[in-house]
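Participant: Here it is, the structure in full.
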Amino acid sequence: MSRKLVVTAALPYANGPIHIGHLVEYVQTDIWVRYHRLVGNDVRYVCADDAHGTPIMLRARKEGIEPQALIDDMHARHAADFRDFLVDFDVFYTTHSPENRDCAERIFGRLDEGGHIARRPVEQAYDEAAGMFLPDRFIKGTCPKCKAADQYGDSCEVCGATYSPTDLIDPVSVVSGQAPVRRSSDHLFFQLAHFEEPLRGWITSDAVQPEVSAKLLDWFESGLRDWDISRDAPYWGFPIPGEDGKFFYVWLDAPMGYMASHRKLCEKLGTDWQDAWRPGSTTELVHFIGKDIAYFHCLFWPAVLHGAGYRMPTSVHCHGFLTVDGRKMSKSRGTFIAARTWLDHLPPEPLRYYYACKLGAGVDDIDLSLDDFVFRVNSDLVNKIVNIASRCAGLLAKRGEGRLSAALPDPGMYADALALREEVGALYEAREYAKALRQITAFADRVNKYIDAAAPWSLVKDDATLEEGRAVCTQGINAYRALITLLAPVVPDLAAKSAGFLASPIDWWALDAPLLDHTLEKFEPLMMRLDRKAVDAVIEASRPAEPAPAAPEPKAPAIDPIEAEISIDDFLKVDLRVGVVVDAQEVKGAKKLLQLTVDIGTGTRNIFAGIKSAYEAKDVVGRQVLVVANLAPRTMKFGVSEGMVVAAGPGGSDIFLLGVDPGATPGLRAR
């Protein structure tokens, strides 16, 4: 029976362009949606720009334009980026819409009538020069904990401390540069604690991932606090009905953008938008978000819906962040890459494929290793999968008039492809994309071995064995058809091109029957190998313009490395973690190295360790080790090493991996 689903991805903020970190979420969601469409489910994929808030108001003021002009321009740019990355929304709307205003006013009215809104005075920082109250992020000063300068009003980026803006030393407004004063104003609060019981039931009902549920329940222990849902004028957003100079806080009306976008789509289709939002609805409401906004989506949002008489979401799926070559994205290193910059140099589908190779059902961060990206796309997509179609279709065109045989020489292989379809489908459903792609590429390896062993290029040369060669190519083409159907949610353009030469639509259920006694269309190249130079061009294009070179500093006198000193601050930068070696292999061609796969709690790391003279690979599997987790990845002859295991000793057979308590948890920070 077909399922009905409303699926959303988090709303991009209309204050800047889409970058490749954002795309992790939209690609993850798009793959899930495309899978459900492919199997015949009724899916509505909606999203919108998050178009309100102080940052948008101030950026528009800085650029000398109205906020409406800013969000309109950004909306067009966002829509183009999503389209060109093949993210296929049914509607991509905006929170600054009449539908969203109506939803916000309707829901607020119901919450107020239900006694869930409180009113009380709040003392805030006020910029007298700018004539406005300041959000925490618009106040900077010296951290009260570590005394680092130029820190935001809510947290320190140097020591990680959190605090109130009133705790900052020498605070200043980032708007005017003047010191703010304290001023009181009446605010409206949503009383979250009213919904503790239904929230507990929802959180423990498999609506969120186990690790997210555990974190949410921790917040219950410290007490659910009222949520300030109002902001004072001037503010870019919707005014609160009946309240003088008060506006809905952006985080109140932003998630309502999901509802408003779905409403906009339903009005276009002539269907009842409220049906999916009523309690007891059989339509599944599924949100994909980043783990940093779980608090809003897994506490406030379901409570607001429940308090206003709507249903809670069916599920909220959180994902981790993106690092590039093992580090946070950085403008100075050229790894803070805008989606459009990527598209100026590279096609979208290789990145979609690589993200899928990394994504699982958990909230672990994923890493875009640029060397591995080029290698894996060329090895898997081009050399393994597309090459099957290229070889077989080319031979059939030359010697077989593009005609497939009437029977498969190896029906068992095709039966295995159908079994794989069920397994991969279950993995897509569970958001275990990396596991799904490993199964797909493993089957592609099997098909290539079959073709290599049968050598159809030799068979088709001789009329006596032409039909045998045709049959082998028919087997290969049908295997490719199965592979590209399974990959269609990840690489939809490649699937569409494949449907063209196959002269058959890509259909999940049409795989029940192989293509036999069927004529192919002319084969055109489906995908080109990636050139690392194109990746380098993306990095260069993403670097900020370099300032004029400074005068060279005098060279410091040479220091004996043994006597070189570092400060305690330098030492504290080293992130030591407990890891478990889950696999170890000898490195072919290396005398000293073992290749270790180490689980550090937030994912696995590939690490090359020079310990072969003291340890055999089998002896370190299962061993707990100390790992320098924040060491920059290093490209070696044998691959990319993503960390360092800590060892001591003079060398040779006297090398000792530093051990830890056998009961230690992977990922635990060593202090």
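Participant: Hey, which of these cross-link pairs are over 26 Å Cα-Cα: 449/618; 331/592; 291/435; 291/358?
Facilitator: Going by Cα-Cα distance, 449/618; 331/592 fall outside the 26 Å limit.
Participant: I would also like to ask the following. At 1.4 Å probe radius, can you tell me the per residue accessible area of the stretch 70-117 in Å²?
Facilitator: 40
Participant: Still on this model: I'd like the FRET efficiency for residue 613 and residue 438, computed as 1/(1 + (r/R0)^6) with the beta carbon distance as r and R0 of 35 Å, rounded to 0.05.
Facilitator: FRET efficiency, residue 613 to residue 438: 0.60.
Participant: What FRET efficiency, computed as 1/(1 + (r/R0)^6) with R0 = 22 Å and r the Cβ-Cβ distance, is obtained for residue 41 and residue 315, rounded to the nearest 0.05?
Facilitator: 0.90
Participant: Also, quick follow-up: Which peptide among 390-402, 464-476, 508-520 comes first, and what is the full order, when sorted by highest mean count of other Cβ atoms within 10 Å?
Facilitator: Ranking the peptides 390-402, 464-476, 508-520 by packing returns 464-476, 390-402, 508-520.
Participant: Which order do the peptides 299-312, 215-228 come out in when sorted by mean C-beta neighbours inside 10 angstrom, highest first?
Facilitator: Ranking the peptides 299-312, 215-228 by packing returns 299-312, 215-228.
Participant: Enumerate cysteines in the chain without a disulfide-compatible partner, where compatibility requires another Cys Cβ under 4.7 angstrom.
Facilitator: Unpaired cysteines in the chain: 47, 103, 266, 298, 318, 357.
Participant: Which option, (1) 1.16; (2) 0.92; (3) 1.10, is the value of Cα Rg over 2.2 N^0.38 Å that was calculated from these coordinates?
Facilitator: Correct label, based on the coordinates given: (3).
Participant: With the other protein chains left in place, how much accessible area per residue, in square angstrom, belongs to the stretch 316-441 at a 1.4 angstrom probe?
Facilitator: Here the residues of the stretch 316-441 average 37 Å² of exposed surface.
Participant: Kindly rank 91-99, 27-35 from highest to lowest mean number of other beta carbons found within 10 Å of each residue.
Facilitator: Highest-to-lowest ranking by the protection proxy: 27-35, 91-99.
Participant: To the nearest Å, what is the center-to-center distance of the stretch 401-458 and the stretch 146-199, using C-alpha atoms only?
Facilitator: 56
Participant: Heavy atoms only, probe 1.4 Å: what % of the accessible area of the chain goes to carbon and sulfur, would you let me know?
Facilitator: Reported share for carbon and sulfur atoms: 52 percent.
Participant: So what is the 222 nm mean residue ellipticity for the chain from helices alone, if each DSSP H run of at least 4 adds -39500 (n - 2.57) and you divide by all residues, rounding to the nearest 500 deg cm²/dmol?
Facilitator: Per the formula, -11000 deg cm²/dmol.
The values are calculated or read from the model by the stated rules, or taken from the named source; none is laboratory data. The shown structure was predicted, so the numbers you read here are calculated from the model rather than taken from an experiment. Positions of Cβ are backbone-derived with ideal geometry, glycine not excepted, and every protein chain shown enters the neighbour counts. Areas reflect the complete protein model, heavy atoms only, side chains present, ligands, DNA and RNA absent. Shrake-Rupley method; radii C 1.70, N 1.55, O 1.52, S 1.80 Å.
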